[in-house]
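Visitor: Just passing along the structure, written as structure tokens.
The values are calculated or read from the model by the stated rules, or taken from the named source; none is laboratory data. In this text the structure is predicted, and so the values were computed from the model without any measurement. Don't worry about glycine lacking a Cβ; one is built from the backbone with ideal geometry, like all the others, and counts go over all protein chains shown. With ligands, DNA and RNA removed, areas are computed over all heavy atoms of the protein, side chains included. Shrake-Rupley method; radii C 1.70, N 1.55, O 1.52, S 1.80 Å.
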Amino acid sequence: MMFKDLLLSRSGTPAELRKHMEDVHIPMGLSIPAVAREMQRYTLNHVEGSPVAIAIHPPIDRLSTIVEHVCGGWEGLTRLGQDPDFQEKLLPDEQYMSTHLMDGQAEFVAIDEEQPIFTSGDVGTLRVFDLLRRSASVSREQFLRQLEAEGAWAKTDDRYRAAVGQRVHSIVGEGTASYGEAAEPFDAVVETWPADLHRLEDLVDELRSRRSAYCDPAGSFTVVTEERWFYGEVGPFGPRAESAGRS
């Protein structure tokens, strides 16, 4: 199972939080045998403020980083939480970050399934996360059908394929954090790696119109990030499922 932790930094501390994560927290974590054994992937995605023109949805205020990690599901997290080295070393550091560098505990999104849609070859490190919440009038089944239809369009539309080098749909499971005033969790995360920012900007209005049919405009967010791999095997879709080929 994959978890995406959303780290909201305290005002004025995003650089300090990122430095602490990279220089202290991650090396400390990977030095613990239980963490190295359970962790299959660890990625930091630092929020970038400049390419806002390609954002379909509003940003998340004060968001500094999306931490992406894969382990053996809830069972793997339970084993980590019970490990003596984790409790002695890593847990106090997480508490320090929550108290001094972040706005409380990290929110997280638990992913049940990753669906690679397409990849067109080499992509850069700019990565866009659309965290989607369905409209109140749309059932989860309807939402997933609409998302699947958008993915089919994206895979076959020449304009979109020229603008985006890679796309993955992450379907959200249980135990998911929510943002905004609504209590409902996110339903899916659409991840894209842009290939041409100008061409993608030309498609934003069309994409926003498509999303309006099934996404809550006040409860869905776009986060533009710079991806930094720390741990995990790299494959055709990063370290994602290799079932979808290049086409």
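Visitor: Please give me, ordered by residue number, the GluC sites (Glu not before Pro) of the range 135-175 that lie in loop per DSSP and have at most 11 other Cβ atoms within 10 Å.
Guide: Filter output for the range 135-175: GLU174.
Visitor: Please report the antiparallel percentage of the DSSP beta bridges confined to the chain, to the nearest 5.
Guide: Just about 95 percent of them are antiparallel.
Visitor: Does the range 57-129 come out rounded, prolate or oblate, given a ≥ b ≥ c as the square roots of the eigenvalues of its C-alpha gyration tensor, rounded meaning a/c under 1.5 and, failing that, prolate meaning a/b above b/c?
Guide: Verdict is oblate for the range 57-129.
Visitor: Continuing with this model, one more query. What figure in square angstrom, to the nearest 10, would you give for the accessible area of VAL224 with a 1.4 Å probe?
Guide: For VAL224, solvent-accessible area is about 10 Å².
Visitor: Moving to a separate point now. Excluding ligands and nucleic acids, what accessible area in Å² is computed for THR99 using a 1.4 Å probe, to the nearest 10?
Guide: Ignoring ligands and nucleic acids, THR99 comes out at about 80 Å².
Visitor: Just flag the GluC sites (Glu not before Pro) in the range 1-71 sitting in loop per DSSP whose Cβ has no more than 16 other Cβ atoms within 10 Å.
Guide: Taking the range 1-71 and a limit of 16 other Cβ atoms within 10 Å, the loop GluC sites (Glu not before Pro) found are GLU48.
Visitor: What is the percent carbon and sulfur in the accessible area of the chain, measuring with a 1.4 Å probe over the protein chains and ignoring ligands?
Guide: Accessible surface attributable to carbon and sulfur in the chain totals 50 percent.
Visitor: So, taking all protein chains as they sit and a 1.4 Å probe, how much accessible area belongs to LEU30, in Å² rounded to tens?
Guide: About 50 Å², ignoring ligands and nucleic acids.
Visitor: Could you tell me the distance between the Cα centroids of the range 1-31 and the range 105-135, to the nearest Å?
Guide: About 19 Å separates the Cα centre of the range 1-31 from the one of the range 105-135.
Visitor: Rolling a 1.4 angstrom probe over the protein heavy atoms, how many square angstrom per residue are accessible across the chain?
Guide: The answer is 47 Å² per residue.
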